[in-house]
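Encoded as structure tokens, the structure appears first; notes follow it.
The values are calculated or read from the model by the stated rules, or taken from the named source; none is laboratory data. All values derive from a computational prediction rather than experimental measurement. Because the Cβ atoms are built from the backbone with ideal geometry, glycine has one as well, and the counts that use them run over all protein chains shown.
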Amino acid sequence: MAQLSEEELSGIYDFTVQLAKDAGRLLLDGAKSRMGDDGMPSLDTVEKDSSVDVVTKIDEDVEAFVKNSILFLGEETYSKGATREYLVDDLPTWVVDPLDGTVNYTHIFPMFCISIGFVFQGEPIIGVIYAPMLNQLFSSCRGRGAWLNDTTRLPLLRNPIPPLPDNAPKGCIFSCEWGKDRRDAPDGNLVRKVESFMNMACELGGRGGKGGMVHGVRSLGSAALDLAYIAMGSFDIWWEGGCWEWDVAAGFAIVREAGGIITTANPPGAPETDVIGKAPLGGRLYLAVRPAGPSTTETGRQAQERTVREVWKRVVKLDYSRP
């Protein structure tokens, strides 16, 4: 397949940014319309998949708006088509979540966004994430860097880009989500996540030597914004299982253009020595580390890989497959 020209890339990028802004305004208008005179939100929602995953009418309205502009693979398209097969191939493909952070949106918590990724030959090369209530627009185009609100290059701290802590994950902000799988099973994903969170948060030397003593643990309720904050450098580590390609496609593009890395969440057989490769877009298991500058002893990439290996030592393998 022929490569896209720089002119074509520019056109697609500009179109994507404008589409995200327009769709974001619909999300914001929908949020405002649900605010009563007393400032309290209305919680009229439709239950979807589980008690913690609600969808509002605006989700479908924004999807319809975007779909009128482009043909894409998105959350509603997958669910209504009753398939969870991986549909991305080498053809140019739009991968969209019209509303990432639906629970947040229901509660008028501002961490919600529209996420638009453009995938070419299986790789996300353009990404736009727009959180309208925060007035934060994250965007990237292959080879041109990642940006906040069109003007500020990511990561935010660039003079110089700070290295990762020498004893990471200690000193790091660790981002993770509870996820939709809330089954109370002894070896279920929820129990595995809780054990992993405890390992990362516990004092050094605790929990049989797995204590990571991270600086803080954050849960935004939006995978797209988790990745945007990794690109921004505000989060150091994001570890997650259970997401789908529409949750992460735009974030993949933005994190990589900012200089971060994304690999698999599950530790391999030999965490100390196994090659650290790219996470498959549809793999549902993700570990991202922020952009990092060099220190006196290692390059930024070496520090990122060291941090990945230290996380792998402390987390439990998750079991998320494609149905």
Where the second residue is modelled with pLDDT of 95 or more and of a type in the set (S, T, N, Q) and the first is not assigned by TED's automatic domain parsing to the domain that holds Ser115 and lies in region 210-223, which pairs have Cβ atoms under 6 Å and are six or more apart or on separate chains? Lys210/Asn199; Arg218/Ser175
For region 257-278, what are the residues that are surrounded by fewer than 20 Cβ atoms within 10 Å (Cβ to Cβ), of a type in the set (Gly, Ala, Ser) and under 19 Å from the mean Cα position of the chain (by Cα)? Gly277
Can you find a residue in region 307-323 that is part of a loop (DSSP other than H, G, I, E, B), within 16 Å of the chain's Cα centre (by Cα) and more than 21 Å from Gly171 (Cα to Cα)? no
Kindly establish whether Pro162 is outside any helix (DSSP H, G or I), surrounded by 12 or more Cβ atoms within 10 Å (Cβ to Cβ) and not hydroxyl-bearing (Ser, Thr, Tyr). yes
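Give, as residue ranges, the helices (runs of 4 or more DSSP H) completely inside region 166-283 that count at least 3 residues that are over 27 Å from Trp147 (Cα atoms).
The helices (runs of 4 or more DSSP H) meeting that bar are 189-201, 206-209.
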Do we find that Ser196 is in contact (Cβ under 8 Å) with a residue 24 or more places away in the chain and crowded, with 19+ Cβ neighbours inside 10 Å in this structure? yes
Could you check region 284-323 and list, in sequence order, the residues that are over 22 Å from Val214 (Cβ atoms) and buried (at least 21 other Cβ atoms within 10 Å of the Cβ)? Arg284
